[in-house]
């Protein structure tokens, strides 16, 4: 429409702006890719050049030898994030339903307390958390990285899902009650099927949170190499004297590729869902 | 079964989780902060850890630096988010693709992106130093993480980079939710783009701006991985925020008691800040008519 029409000059300005903005957002990826293509000795000795003739994908072959557990790290990352997501959802769904539909004493106070958990991160509570993990015998296991992850994602999960459940019309549940269905049956057979789009969105946001922050708990609570997620696994190599940077970058890019592709393919649905809270108001 | 009992049963698993992983450790942290706990054992020493902390001028530097880090980074994230969302909201061909390209930093492990930045900042082979030299802007190599000031601002830039995609996409969604009638009415009255942005877009998405600001502020205040991977708090403490300092004392040096006192200070500062902010949020929401 007329209001949206831009002059040629404005259009050029917008594209330049978008280009600079995306350059900032994608710069580390571009640089990681460039580094991954160059032989190591050239990387360290030669002066900086944009382009060079010795680009090759050799590092993408060598990295599997240098980082023997790379495949394992990638799978560990996905496994930990998936496990965190499933456990979080199992806890969040009933709680969110409770806050969306039921009336009980201390409702808003307890919800406020849940949200206050967002102020904490694992870093503040590491010392006692370490002791809790030790007491429960969970150190150096997947659980040491999964369980704290779940706890810190529960509050946001409850908050997000609650607002979805509130939008589902109450009449269907009431009809089920009239037919003599129990509360649990109604939750499982009436509410959950209707809430599937919301469940997917909340699970996705939990997964992103769980996948993005796989570092602190891994380097603090786990010293078993085979269990490390990708970031912690690669970080160990970066501490060495002779870092094979080209291979590290190749490994990092390869490692994030599966999940990134998954999200990029589904982005249309995810962004709409994840940011739905922003539009609601 | 009564409704309240059923409600509490449904919430019980969440309470158990938070109880074990957040509430109990929090109580323990407070208790430990009054002890001299380390690997050897622990004795009750009263307020000694706090007394030591508050008589150390370096600690005030760290508190100040943490707030400066938080404010600077959050403001930059909001500005980048507004600019990015406005650009991506423009009705130009290719916008669907551009929106996809903003996502990657959001959907990868933060630590991986930071490893990329660490290389960018490197003085010997990093792109930033290389480009500056090629353009003749600097004579020598610039190792951005090696000097105090540049290391701090480099860490800020990386933190802004991590937070920008999410803020941008939330602002974009909010902008798309603004009623077109408002713009059309203003346009008919001859209002230009900048005027419409200032007088319609900004007030309409204000509730989202303030809630993103609070979220970003808490995350930035607590941000650990970015600084730890880039500089481990160095050079000479230039990037040591409260979280980094706490981690160093509690985990690296295993002085649990002193570390716990720092953790308690963090919690109190964040609580005060959040209450203050929520009060402000309430006012903003009233003013802009959101619920």
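Scanning the range B:82-100 for residues that are within 21 Å of residue B:212 (Cα to Cα) and facing chain A (nearest Cβ under 8 Å) gives B:83, B:84, B:87, B:88, B:99, B:100. Note on the range B:224-241: among residues that are more than 9 Å from chain A (Cβ to nearest Cβ) and not in a loop (DSSP other than H, G, I, E, B), the one that is nearest to residue B:63 (Cα to Cα) is B:227. Residue count for the range B:193-205 under the criterion of being out of contact with any helix residue (DSSP H, G or I) (no Cβ under 6 Å at 6 or more places or on another chain) and within 11 Å of chain A (Cβ to nearest Cβ): the result is 2. In the range B:177-190, of all residues being at the interface with chain A (Cβ under 10 Å from one of its Cβ atoms) and touching a helix residue (DSSP H, G or I) at 6+ places or on another chain (Cβ under 7 Å), the one that is surrounded by the fewest Cβ atoms within 10 Å (Cβ to Cβ) corresponds to B:184.
When each of A:96, A:83 is tested for being more than 8 Å from chain B (Cβ to nearest Cβ), touching a residue at least 60 places away in the same chain (Cβ under 8 Å) and buried (at least 22 other Cβ atoms within 10 Å of the Cβ), the lone residue that passes is A:96.
Here residue B:68 fulfils each of the conditions (1) under 23 Å from residue B:273 (Cα atoms); (2) in contact with a helix residue (DSSP H, G or I) (Cβ under 7 Å, 6 or more places away or on another chain) apart from (2). Determine whether residue B:277 is crowded, with 22+ Cβ neighbours inside 10 Å, under 24 Å from the mean Cα position of the chain (by Cα) and more than 30 Å from residue A:22 (Cα to Cα). When the stated conditions are applied, residue B:277 does not pass them.
Please indicate, with yes or no, whether at least one residue in the range B:207-223 is farther than 30 Å from residue A:216 by Cα, in contact (Cβ under 8 Å) with a residue 40 or more places away in the chain and assigned to a helix (DSSP H, G or I).
Yes, some residue in the range B:207-223 is farther than 30 Å from residue A:216 by Cα, in contact (Cβ under 8 Å) with a residue 40 or more places away in the chain and assigned to a helix (DSSP H, G or I).
Assess whether residue B:40 counts as being at pLDDT below 90 and over 23 Å from the mean Cα position of the chain (by Cα). Answer is yes for this residue.
Answer yes or no: is there a residue in the range B:21-31 that is touching a strand residue (DSSP E or B) at 6+ places or on another chain (Cβ under 8 Å) and farther than 30 Å from residue B:210 by Cβ. The answer is no; no qualifying residue exists. Quick check on this structure: which one of B:92, B:142, B:131, B:138 is in a loop (DSSP other than H, G, I, E, B), closer than 24 Å to residue A:15 by Cβ and modelled with pLDDT under 90? Only one candidate qualifies: B:92. Scanning the range A:199-245 for residues that are more than 13 Å from every other protein chain (Cβ to nearest Cβ), under 17 Å from the mean Cα position of the chain (by Cα) and surrounded by fewer than 22 Cβ atoms within 10 Å (Cβ to Cβ) yields A:199, A:200, A:203. Residue selection: residue B:15 satisfies the criterion of being within 14 Å of chain A (Cβ to nearest Cβ) and either assigned to a helix (DSSP H, G or I) or surrounded by fewer than 16 Cβ atoms within 10 Å (Cβ to Cβ) (or both).
The one condition from (1) surrounded by fewer than 21 Cβ atoms within 10 Å (Cβ to Cβ); (2) within 30 Å of residue B:7 (Cβ to Cβ) that residue A:88 does not meet is (1).
Taking the range A:116-222 as the region of interest, the helices (runs of 4 or more DSSP H) fully inside it that hold 1 or more residues being farther than 20 Å from residue B:246 by Cβ are A:126-135, A:142-167, A:171-178, A:183-186, A:196-212.
Take the residues in the range A:4-23 that are more than 7 Å from chain B (Cβ to nearest Cβ) and more than 15 Å from residue B:92 (Cα to Cα); name whichever of them is nearest to the chain's Cα centre (by Cα). Looking at residues that are more than 7 Å from chain B (Cβ to nearest Cβ) and more than 15 Å from residue B:92 (Cα to Cα), I get A:23. Considering every residue within the range A:104-111, establish whether at least one is more than 12 Å from every other protein chain (Cβ to nearest Cβ) and crowded, with 16+ Cβ neighbours inside 10 Å. No, because not a single residue in the range A:104-111 is more than 12 Å from every other protein chain (Cβ to nearest Cβ) and crowded, with 16+ Cβ neighbours inside 10 Å. Hey, does the range A:104-113 have a residue that's within 30 Å of residue B:258 (Cβ to Cβ), free of Cβ contacts under 8 Å to residues at least 40 places away in the same chain and in a helix (DSSP H, G or I)? Yes, that holds for at least one residue.
Name the single residue that is surrounded by the fewest Cβ atoms within 10 Å (Cβ to Cβ) among those in the range B:110-128 being closer than 16 Å to residue B:153 by Cβ and within 7 Å of another protein chain (Cβ to nearest Cβ). Among those that are closer than 16 Å to residue B:153 by Cβ and within 7 Å of another protein chain (Cβ to nearest Cβ), it is B:120. Out of B:79, B:22, B:63, B:74, one residue alone is within 9 Å of chain A (Cβ to nearest Cβ) and either under 21 Å from residue B:243 (Cβ atoms) or surrounded by fewer than 22 Cβ atoms within 10 Å (Cβ to Cβ) (or both). It is B:22.
The values are calculated or read from the model by the stated rules, or taken from the named source; none is laboratory data. Since the structure is predicted, the reported quantities are computational estimates derived from the model, not experimental observations. Cβ sites come from the backbone with ideal geometry, for glycine too, and all protein chains shown count toward neighbours.
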